[in-house]
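Okay, so here's the structure we're looking at.
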Amino acid sequence: MSEAVIKCENVYKIFGTNAQKMLQEANGNVDAKTFQENGCIVGVNDASFEVSKGEMLVVMGLSGSGKSTLLRCISRLTDATGGKIFIEGQDLLKLNNKELINLRRNKMGMVFQSFALLPHKTVVENIAFPLQIKGIKTEDSISKAMDMVKLVGLDGRENYFPRELSGGQQQRVGIARSLAVEPDIWFLDEPFSALDPLIRKEMQDEFLRLQEKLQKTIMFITHDFDEALKLADRIAIMKDGIIEQLDTPANIVLNPATEYVKKFTEEVPREKVLTIEDVMDKTNSESSDLKVLKDEIIENVAEKILTQEKSVSVIDQDNKIVGSINPSKIIQTVFGGRKSNS
Amino acid sequence: MDIIKKYPKVFQWLFLLAVFFALCFAIDVPETYKFIRGQAEFVKDPNQSTFVFLGKEVRYYAFDVFWRLPPLLGWLPIWINDSLFFLMNEWMPMEFWNEDTQEFKTRPLLLQISRNLTAFMTFLIELIREILLGGLETIVAFTSWDFIDAYPWAELPGLPWTIVAAGFAILSYKLSGKGLAIFAGLTMVYISIFGQWKPSMQTLSFILVAAPLSFAFGLGLGIAAFKSKRVEKALYPILLVMQTMPQYAVLVPALVLFGVGDHAAVIITMVVAVPPMILLTLLGLRAIPPEVIEAGRMSGCTNWQLMFKVLIPTARRDILIGVNQVIMVCFSMAVISAFIGAKGLGFNLLLALNQLNIGLALEAGLCISLIAILLDKMSLAWANKQIDYFGNLTFYQRNKNLIFFGGAFIIGILLAYAGSFYFKEGFNYLFEVPHNKGISTADFWNKGVDWIFETFFVYIKAFNTWLIQDVLQPMRALYLRMPAVATLVLVVGAGYLIGGIRSALVVCALTLFIALSPWWDRALVTTYMATFGVIISCIIGFTVGTLCFQNKNSAKFMLGVCDIFQTFPSFVYLIPVMMLFGITDTSVLIAVIVYATIPATRYTIEGLRSVPAGLHDAATMSGVNKFQRLTKIEFPLAFPHMMLGLNQTIVFALFMVIIGAFIGTEDLGQYILKALSDKNGAGIGLTLGICVAFIGLIFDNLIRTYVGKRKKHLGID
């Protein structure tokens, strides 16, 4: 794995007047209940993880689980109560105001659930806003913003005001604005939650297309497990401020660490999430002529495999056989998997 | 016992009332008691008691403490007065350079500051006034009288009225559209041809100075309060008191600090106009979604950039509503400030009312009302106007209005020039129609008033006598019959039952302040007049509001009417009632009722409207008829909002009762009016103002606490 762009070590965020003192006394053993009795609310409880360059970490949790608080700690919109956060090796909590502003102006971009556009600026002015804040000349910032308008497919609407756009279009502006300064780190706080299901799907695809092109380091917050599975390289599932499990989508579906995580995975259609590699046998048994790529999603190749009677060879990109898969295994995964795995 | 358990609140209230009445009957009226103990501090009388506090001797008529508390705060007005005098005339004398005499002169610091401030304000007002009306003070301020003598052309000529009228019309067009532009134009033409141009422009120049200054201070303080909890906490009590303080009362201290004239009025207007601006700035900034602030931060804004590029533009509408409020307060102050010698429409109105020239008063009043509506509509249009994109417009399209104004300017000057040939003798009507040289309808109105008086005199007189003898006098006697202790028990008990111990303590403190001041009796009279006004207003307001609500169009129409009436400065309401009922308590009460009915009606309609449509449908589907829906669904849900209306009604009524002193009533207002003409009046005026504000705050506290609880209970916000 390449070097960590975001690194959190034992991050705590506790709301309340004497949070700092209580955290010190708790000695790393924070119990939400005792804190609540003393008038403190635990937002993030002992979060440690890394996000490496070009990786997309999706933080998933229901409302009140502390996912947004965690994101705000990492973007330092609020100060973490305890722990350490490193952004590209810099200790975030030690930065002074000026350094922090500098970091935000050059390295970070953020997209918000409610779009958070400035109502008095047009599309292109909204997108150019972070650039103008930086002090870039008006023409340069506008021409750069126009590139962004094209990137998110809003050309022709650049002189509209936010009030004249639909939700999906507004979020495109939000995305373009967050990308205008060409940040390395991209925070998205439930960016698609306020959109209709159809628009949401369209935006997710668009988002994946953008990420393919841009390869940013991403922290993506969502309360939608399906969305997390669709987008993530790795998923962190949070509950009551604690990260319950942090793993790849396939591992979370196959091996949920806690009862809570399992509740989410039960309803998930496995064939849409798992790849052949996740369910294949590593051993190479007798096989038919058909070969499938190990990175294929099961759903896409299930029909082909099911026409075979014998096992099917699994190959990697270099056409090397790495394992095999029996049609019965496919049937088991798709239909019986839920019970047999639980 | 079961009944008590079922309705515990009702029994608590009944018990409270029982205690109250028991106290009322148990405590006899002292034999020596006469209504209003006179101005004890000015009269020497062997029957008086005295005490000395902080070196001030307070004289008063002593009664049984259960009947009337001794005025232990009697030293407060004297003390305020003396402190002010000391600060102004003796504190920190310093050497100051005097321009006129070219030498150093010793002056107390505060006096010097006040004089400089005054001079600055005078300069600003004169500058704008002379741009509008012409004059030479401004030029003289920069040069000297000799300079003007040598170069008479340097005198500012003033703008021809045609140009100002065109300017208003074009600005209205830009802000709102054709309708408002026509209204603005007609208003200006009306003002001009009826000869009210000069006072109107004087009033306008007053607003043009007071409003921007108030806006700047209000915005600044609002931002400070938004940023720091401590500032907000410090400002909060002042804001609260200023909301219920009659504008009339603050005039008195202004008189002492800054003297007589427009400058003093501008400064004191700022004191009154800044609080609503602070409140609306705070409201606007608070209403910004947190994500917008975060978006600004993540874009890398410094604090400064965040405030001026993100927060203020986002809160634009609320801030501009604040501007609207500021303008309206300034305008109403501009009228009332006539009492301390501000020139303009208010001065004319005051003069006409003093001479009982109802016709002239009506004309001035009409002008005031028209300008009030115009200013209100223009500033509201500004607030509601959405920003347009004009990057792709041509130069002409972008600057169309400016070009038109330029054209109007040239035409206006040409017209005025042409006029100077046409009207060779006398006045150039195309330049300015001089005061009272325009068309006047005063005679017509005066005759009308005479006719009304002659025709209906018997009926009006009969009504008047009946009202005063059979309703007002007994009611007043009842209020005065209350022993102070009984009143305290009632008010504090109500506070406790409504809002618990906290509310009880607040209310108790407020009431005690009034009871310990020398003006408890007067405060009772003020309260009785306000109570009478409020009861009638509420009956009218709730009935009219409910009736109008039955039909969408009539509701809308009624709200529009309320909007318009609310913009009129309260003083204007005295004109028609004086016209009909002459100088009596009845006139004041009718003015109170008319004025206070506005919020009662408005809040009733708004409250009923705010009942969610879903509930409406649900009720209809359960098969209720119209009347059932009103009583079972709409009234209970709208009740909290209607109570807020009651709160406003009380404040409006108090304001009007106080201003009614001008006609002659026996309450606190009359003392404020007296204080205005007393060189030692500052302390009295201020204390009286605080007393009135506290009466308002007592009700405010009780009602708001109740509404808050009720809303929580109903789950609406």
query = Quick check, is A:Ile142 in contact (Cβ under 8 Å) with a residue 12 or more places away in the chain and surrounded by 23 or more Cβ atoms within 10 Å (Cβ to Cβ)?
reply = no
remark   = For the range A:144-185 the number of residues that are among the polar types (S, T, N, Q) and either out of contact with any Leu (no Cβ under 7 Å at 6 or more places or on another chain) or within 11 Å of chain B (Cβ to nearest Cβ) (or both) is 3
message = The conditions are (1) among the small types (Gly, Ala, Ser); (2) closer than 22 Å to A:Val5 by Cβ; (3) in contact with a strand residue (DSSP E or B) (Cβ under 7 Å, 6 or more places away or on another chain), and A:Ala180 fails exactly one of them. Which is it?
response = (3)
request  = Tell me which of these B:Ser299 doesn't satisfy, since it passes every other one: (1) more than 14 Å from chain A (Cβ to nearest Cβ); (2) of a type in the set (Ser, Thr, Tyr); (3) closer than 30 Å to A:Pro183 by Cβ.
outcome  = (1)
key: Of all residues making up the range B:324-379, the number that are outside any helix (DSSP H, G or I) and in contact with a Pro (Cβ under 9 Å, 6 or more places away or on another chain)   = 2
query = Out of (1) crowded, with 16+ Cβ neighbours inside 10 Å; (2) away from chain A (no Cβ under 14 Å); (3) farther than 24 Å from B:Val271 by Cβ, the odd one out for B:Lys400 is which?
reply = (1)
inquiry  = Quick test of your reading of the structure: B:Tyr248 fulfils all but one of (1) farther than 30 Å from A:Leu100 by Cβ; (2) within 14 Å of another protein chain (Cβ to nearest Cβ); (3) not polar (S, T, N, Q). Name the failing condition by number.
reply    = (2)
request  = Test A:Lys7 against the stated conditions and say whether it is surrounded by 14 or more Cβ atoms within 10 Å (Cβ to Cβ), in contact with a helix residue (DSSP H, G or I) (Cβ under 6 Å, 6 or more places away or on another chain), among the charged types (D, E, K, R) and not in a helix (DSSP H, G or I).
outcome  = no
query = How many residues does the range B:607-635 contain that are more than 22 Å from B:Met558 (Cβ to Cβ) and surrounded by 11 or more Cβ atoms within 10 Å (Cβ to Cβ)?
reply = 8
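Inside the range B:676-692, can you point out the residues that are farther than 19 Å from B:Leu524 by Cβ and not in a loop (DSSP other than H, G, I, E, B)?
B:Leu676, B:Gly681, B:Ala682, B:Gly683, B:Gly685, B:Leu686
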request  = Kindly establish whether B:Leu370 is away from chain A (no Cβ under 14 Å) and touching a Ser or Thr at 6+ places or on another chain (Cβ under 6 Å).
outcome  = yes
request  = Answer with yes or no whether A:Leu214 is away from every other protein chain (no Cβ under 13 Å), surrounded by fewer than 19 Cβ atoms within 10 Å (Cβ to Cβ), within 14 Å of A:Gly109 (Cα to Cα) and free of Cβ contacts under 8 Å to residues at least 40 places away in the same chain.
outcome  = yes
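Table: residues versus (1) closer than 23 Å to B:Ile468 by Cα; (2) surrounded by fewer than 21 Cβ atoms within 10 Å (Cβ to Cβ).
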{"residue": "B:Tyr671", "(1), (2)": "yes, no"}
{"residue": "B:Gly681", "(1), (2)": "no, no"}
{"residue": "B:Ile684", "(1), (2)": "no, no"}
{"residue": "B:Val692", "(1), (2)": "no, no"}
{"residue": "B:Ile695", "(1), (2)": "no, no"}
{"residue": "B:Val707", "(1), (2)": "no, yes"}
{"residue": "B:Lys712", "(1), (2)": "no, yes"}
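Which residue out of B:Thr281, B:Thr302, B:Thr269, B:Thr314 is free of Cβ contacts under 8 Å to residues at least 60 places away in the same chain, of a type in the set (Val, Ile, Thr), out of contact with any Lys or Arg (no Cβ under 8 Å at 6 or more places or on another chain) and surrounded by 23 or more Cβ atoms within 10 Å (Cβ to Cβ)?
Every option except B:Thr314 fails the conditions.
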ask   = Under the condition of being among the β-branched types (Val, Ile, Thr) and away from chain B (no Cβ under 14 Å), which residue from the range A:58-78 is surrounded by the most Cβ atoms within 10 Å (Cβ to Cβ)?
value = A:Val59
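Regarding the range A:199-210, can at least one residue be identified that is more than 14 Å from chain B (Cβ to nearest Cβ), touching a residue at least 60 places away in the same chain (Cβ under 8 Å) and within 15 Å of the chain's Cα centre (by Cα)?
So the first thing to find is which residues in the range A:199-210 are more than 14 Å from chain B (Cβ to nearest Cβ), and the list is A:199-210.
Now restrict to residues that are touching a residue at least 60 places away in the same chain (Cβ under 8 Å): none.
No, the range A:199-210 has no match at all.
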task = Could you please find all residues in the range B:159-198 being in contact (Cβ under 8 Å) with a residue 40 or more places away in the chain, assigned to a helix (DSSP H, G or I) and farther than 14 Å from B:Met378 by Cβ?
result = B:Trp161, B:Thr162, B:Ile163, B:Ala166, B:Tyr190, B:Ile191, B:Ser192, B:Ile193, B:Trp197, B:Lys198
query = Does A:Pro191 satisfy the criteria of being surrounded by 24 or more Cβ atoms within 10 Å (Cβ to Cβ) and within 12 Å of chain B (Cβ to nearest Cβ)?
reply = yes
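Residue by residue, here is whether (1) over 15 Å from B:Trp13 (Cα atoms); (2) modelled with pLDDT of 90 or more holds:
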residue	(1), (2)
B:Gln473	yes, no
B:Arg476	yes, no
B:Met482	yes, no
B:Ala486	no, yes
B:Val489	no, yes
B:Gly495	no, yes
B:Gly500	no, no
B:Ala509	yes, yes
B:Ser517	yes, no
ask   = Are there any pairs, at least 6 apart or on different chains, whose C-beta atoms fall under 7 Å, with the first in the range A:92-119 and free of Cβ contacts under 8 Å to residues at least 60 places away in the same chain and more than 8 Å from chain B (Cβ to nearest Cβ) and the second among the aliphatic types (A, V, I, L, M) and part of a helix (DSSP H, G or I), and if so, which?
value = A:Leu95/A:Leu103
inquiry  = I'd like the full set of residues that are among the polar types (S, T, N, Q), loosely packed, with under 15 Cβ neighbours inside 10 Å and either within 20 Å of B:Thr487 (Cβ to Cβ) or modelled with pLDDT of 75 or more (or both), limited to the range B:37-87.
reply    = B:Ser49, B:Thr50, B:Ser83
ask   = Out of all the residues in the range A:120-143, which are among the charged types (D, E, K, R) and more than 7 Å from chain B (Cβ to nearest Cβ)?
value = A:Lys121, A:Glu125, A:Lys137, A:Glu139, A:Asp140
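The values are calculated or read from the model by the stated rules, or taken from the named source; none is laboratory data. Keep in mind the model is a prediction, meaning the values are calculated, not measured. Cβ coordinates were reconstructed from backbone atoms using ideal geometry, including for glycine residues, and neighbour counts include every protein chain displayed.
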